[in-house]
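The values are calculated or read from the model by the stated rules, or taken from the named source; none is laboratory data. The shown structure was predicted, so the numbers you read here are calculated from the model rather than taken from an experiment. A quick note on method: Cβ atoms are made from the backbone with ideal geometry, for glycine too, and the neighbour counts reach across all protein chains shown. Remember, those area values only see protein heavy atoms, side chains included, never the ligands or the DNA or RNA. Shrake-Rupley method; radii C 1.70, N 1.55, O 1.52, S 1.80 Å.
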Amino acid sequence: MAFVVKAQPPAGNAQAPAAKPGAAQQGLAGKQAPPPTIGRAYGKVIDSTGQPLGQVTAIILKSTVDPVTKKKKLVLLKGMDTKANGEFNFEDLPIVAPLVLRVSGTGYKAQDVSFSIMPAAPAAGAQPAGQASASPYGAIPSFEKDLGSVKLAADVKDLATVTVTAAPPTMKLELDKKVFNVEKNIVSAGGTGLDIMRNVPSVNVDIDGNVTLRGAVPTIFVDGRPTTLTLDEIPADAIESVEVITNPSAKYDASGGGAGILNIILKKNRKKGYNGSISGGIDSHGAPNALAGFNIRQGKVNISANGMINGTNGKTIGNTVRNTYLYGDTTRLLQGDLSRNKGQFMFGQLGADYFVSNKTTISASYIKVHGEFKPTDVSRIETDSLNAPDKSVTYSTRYSNSDRVFDVNGGQLGMKHLFAKTGEEWTIDASLFDVRAHTTALYTTDYLSGQPPSAVNAVGQQETIGTASPLFYTIQTDYTDPLGKKSKLEAGLRAAIQHLDNDNNTYTIDGNNQKQLDSLGISNYKSTSAVYAAYVNFTSGFGNFSYALGLRAESSNYSGELINTGTPYKNTYPLSLFPSVFLSQKFKNDQEIQLSATRKITRPNFFQLIPYTDYSDTLNITRGNPDLKPQFTESFEMSYMKTLAHSNTLLFSAYYKYTTNLITPFQDSGLNPIGKPVLINTYENANNSYTVGAEVTATYNFTHWWDASLNVNLYNSHINTNNLDQPSQTAMWSYFGKFNSNFKLPDNFTIQLTTTYQSKTQLPINLNQNQFGPPNSSTQASSQGFIKSFYGFDLAIKKSFLKNNAASVTVSMTDIFRTRWSDQFSQSAFFQQEYDRLKDPQLVRVVLAYRFGKMDLNLFKRKSMNGQGMGDAGGSL
């Protein structure tokens, strides 16, 4: 595209004297002041039927010359959303300059309109005849340009190749992942990453905040890197999108057993000038939340800072009925719980980018998280021995008071270099995360003479003090080389090392408040594990067919010592290969089919391997198993996607996973050192397991003010435990559904409704990931059991106001009808248990947010701006 500007004398100014020679050229050469920004352009956006289009993006671009490449390009001047009647209005535009209006919206092809704002003919009598204008641009009472009606045509291109400027599509299918945009998810405003995940298709979040992807625990990434941060430590308002990678290719870690990856993409802003946002709110339990973000960029430097504080005062009620069968005796336990978790955590992030050149960027960031929580629990316990002659019954009340403090300090450093060949690039990334966790838990048990509120006959006290200090560091390098129009070679190296020191000591407190270390309650250990990997991935295709073939090689080792016994442990896993295959075929009418196959591994961690029995928590006695083997998983998936008009999508997926040597929790019986029969939670390798399922995800834009998404996952899983001398769990068909609907109403109101339904399903086998420090009192998940069906509704209303909708207030309520009960049933040869809980029903949260910004080219008052504009808008001349 090229612009040609011809100077025209203003109409009606024929008597004006001729300009001096070279004056016009001098003005165009820029030796005098640039044209004033006093112009105005306005118009209206309509669709192919003539109906006005509101809430679509209109931006003004200006032609300029890149000072480095000397090539012409378009840079951004102004932007806005059209009003409900489709109108737009831009003021303070430069005159006598080539400009472009670019209009784009979801489901429509972008439309460019080239124009210049030239001097208008002066009104008759506005200037005496023969008098020269004081302005070199002629008599200019006003500069306005009516751009008329801009018509947008519907766009039904494949979402994988279409870039939408106005608002990213809700779902985008790529060769190895699905990308869900969550910026307009208002139910999670003021919350954390867990609140975001409750609204992402394919992802399920249980009452304890455990996240599963198609029934398995996924690996959490942040901006493409593994992280030590948990989802409840990441502010929801800082998340831009979530990449759901159900079958990761050889580019990613082979660890995780094929459970998949959830990659959290944080919001980034590299606009020139400064901009930011602040928000604050409170929920109906009195827990506050606040978030502040700021970004500044000028020339070669981009700096961003984000900070958040999130309080919690959660409330959970629960009931347990358990029969234990040990050594010919049957014991029944009835327990009622009231749990509170009061505390807060603070999240801070400081990042910087330095643009060394157009081809090289260096980035660095620092993350700080600090949390303080004081969970409490009151348990009313009734136990009886059904086989005893007197059917004796005992009553007790257990009070649990804990203090949990943790600090996370992390740093990331990266470099990206682009080569002369388009698409060829080299990156290096390094990260270091240090965690310090400290927990003190005091357990007080009042033994009653009868049913409450009876007198207290005796009091037992126990205190557990624990510290944990994990240290993670990773270094990775990746290289990409496009070998042709459709071919690409990727290769990389990675080393990930983890150090862990964990000290837990349990004390018995006597009647004189004197502490004595319990020899059965000591669990102190340290370990080091390392994984070294290399991968190569080749992508190519022809016509509408594309494929990616990858191979990853990994070796790993770990070593550790159980300090309280002085026992060392060590193991080395040999080099293993993990191939991946991805195939994609596009058809007519915007249809696409994808096939994939991968191999993954899950290695047992040090805690699962040490053969030490930990009696520090009498409700959760644990012991590792040094004979555990890694589990290997083969995953297969097929997906079909159909793109409909207005970016509506329909995605169907079928998947199958087969695992050998499945690492599963296992309940064993035994006697504690004083001869009392107890249940011991340990781990075993089951023979194998499989999961098969089908999933449907649909997004639909009913109108420009109403859209919805639906996800339904039907699955069946089975674990073969014949080698563990217990019957295998019966395979069970289950389904999970999630519906989300958004309404844009007049006066800048937005409503979001989210509903979820989980049918009866088997208990997941691996939960409570990324937990450090002493084990928490919990009911051990079992491969033998199920969760009863449940459903829930969430609702949020948002009102935007002030100029450019810079401010907003959001009110949300979760679990409106108090129906999200978690009711679990589990059993083994030694016990049978039913356990139900309800957490934070009808929780109301109010959040007030304000965003600000200024595109100021002279922000740093530098002597030379090197011709820098406001950023490349993607156009070129």
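Picking from N409, N401, which residue would you name as being more than 30 Å from R494 (Cβ to Cβ) and touching a residue at least 12 places away in the same chain (Cβ under 8 Å)? Let's see the steps before the verdict.
Numbers: N409 fails: more than 30 Å from R494 (Cβ to Cβ).
From the options N409, N401, the qualifying one is N401.
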Checklist entry - Right, D429: touching a Lys or Arg at 6+ places or on another chain (Cβ under 7 Å) and surrounded by 15 or more Cβ atoms within 10 Å (Cβ to Cβ) or not? => result yes
Item to check | Residue that is open to solvent by 60 Å² or more (accessible area, probe 1.4 Å) and closer than 27 Å to T331 by Cβ, where the choices are L671, L595 | outcome: L671
Next on the checklist: If P453 meets every condition in (1) modelled with pLDDT of 90 or more; (2) closer than 24 Å to T376 by Cα; (3) surrounded by fewer than 17 Cβ atoms within 10 Å (Cβ to Cβ); (4) not polar (S, T, N, Q) apart from one, which number is that one?
Outcome noted: (1)
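Got a sec? Which of L577, L651, L628, L662 is open to solvent by 60 Å² or more (accessible area, probe 1.4 Å) and of a type in the set (A, V, I, L, M, F, W, C)? Walk me through it before giving the result.
On the way: L651 fails: open to solvent by 60 Å² or more (accessible area, probe 1.4 Å); L628 fails: open to solvent by 60 Å² or more (accessible area, probe 1.4 Å); L662 fails: open to solvent by 60 Å² or more (accessible area, probe 1.4 Å).
Going through L577, L651, L628, L662 in turn, the sole match is L577.
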Checklist entry - Does N685 satisfy the criteria of being within 22 Å of R603 (Cβ to Cβ), free of Cβ contacts under 8 Å to residues at least 60 places away in the same chain, open to solvent by less than 40 Å² (accessible area, probe 1.4 Å) and in a strand (DSSP E or B)? => result yes
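Let me confirm something: among T464, T528, T508, which residue is of a type in the set (V, I, T), assigned to a strand (DSSP E or B) and open to solvent by less than 40 Å² (accessible area, probe 1.4 Å)?
Selected residue: T464, the only one of T464, T528, T508 that is of a type in the set (V, I, T), assigned to a strand (DSSP E or B) and open to solvent by less than 40 Å² (accessible area, probe 1.4 Å).
Scan region 80-89 and give yes if some residue there is under 21 Å from H704 (Cβ atoms), among the polar types (S, T, N, Q) and open to solvent by 10 Å² or more (accessible area, probe 1.4 Å), otherwise no. Full working, then the answer.
So in region 80-89, the residues under 21 Å from H704 (Cβ atoms) come out as 80-89.
Add one more test, that the residue is among the polar types (S, T, N, Q), and what stays is 82, 85, 89.
Keeping just the survivors that are open to solvent by 10 Å² or more (accessible area, probe 1.4 Å) gives 85, 89.
Yes, region 80-89 contains at least one residue that is under 21 Å from H704 (Cβ atoms), among the polar types (S, T, N, Q) and open to solvent by 10 Å² or more (accessible area, probe 1.4 Å).
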Checklist outcome for this item: The condition from (1) surrounded by 15 or more Cβ atoms within 10 Å (Cβ to Cβ); (2) over 30 Å from T444 (Cβ atoms) that K300 misses is numbered (1)
Checklist entry - What single numbered condition from (1) part of a strand (DSSP E or B); (2) of a type outside the set (D, E, K, R); (3) open to solvent by less than 70 Å² (accessible area, probe 1.4 Å) fails to hold for G484? => result (1)
Checklist outcome for this item: Among (1) open to solvent by less than 70 Å² (accessible area, probe 1.4 Å); (2) more than 20 Å from the chain's Cα centre (by Cα), L338 falls short only on (1)
Item to check | Unmet criterion (only one of (1) under 30 Å from T750 (Cα atoms); (2) open to solvent by less than 40 Å² (accessible area, probe 1.4 Å); (3) touching an Asp or Glu at 6+ places or on another chain (Cβ under 9 Å)) for V75 | outcome: (1)
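Each row is one residue, and each column tells you yes or no for (1) open to solvent by less than 50 Å² (accessible area, probe 1.4 Å); (2) at pLDDT 90 or above.
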| site | (1), (2) |
| --- | --- |
| P774 | yes, no |
| S783 | yes, no |
| F790 | yes, yes |
| F793 | no, yes |
| T814 | yes, yes |
| T819 | yes, yes |
| S828 | yes, no |
| K839 | no, yes |
| R862 | no, no |
Checklist entry - Looking at (1) under 21 Å from the mean Cα position of the chain (by Cα); (2) open to solvent by less than 50 Å² (accessible area, probe 1.4 Å); (3) modelled with pLDDT under 70, can you tell me which one P168 breaks? => result (2)
Checklist entry - How many residues are of a type in the set (S, T, N, Q) and in contact (Cβ under 8 Å) with a residue 60 or more places away in the chain when one looks only at region 700-716? => result 4
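Can you tell me how many residues within region 189-239 are small (G, A, S) and over 30 Å from L650 (Cβ atoms)?
Let us first name the residues in region 189-239 that are small (G, A, S), namely 189-191, 193, 202, 209, 215-216, 224, 236, 238.
Within this subset, residues satisfying the condition of being over 30 Å from L650 (Cβ atoms) are 190, 209, 238.
Residues in region 189-239 being small (G, A, S) and over 30 Å from L650 (Cβ atoms): 3 in total.
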Checklist entry - Could you count how many residues in region 710-744 are open to solvent by 70 Å² or more (accessible area, probe 1.4 Å) and in a strand (DSSP E or B)? => result 6
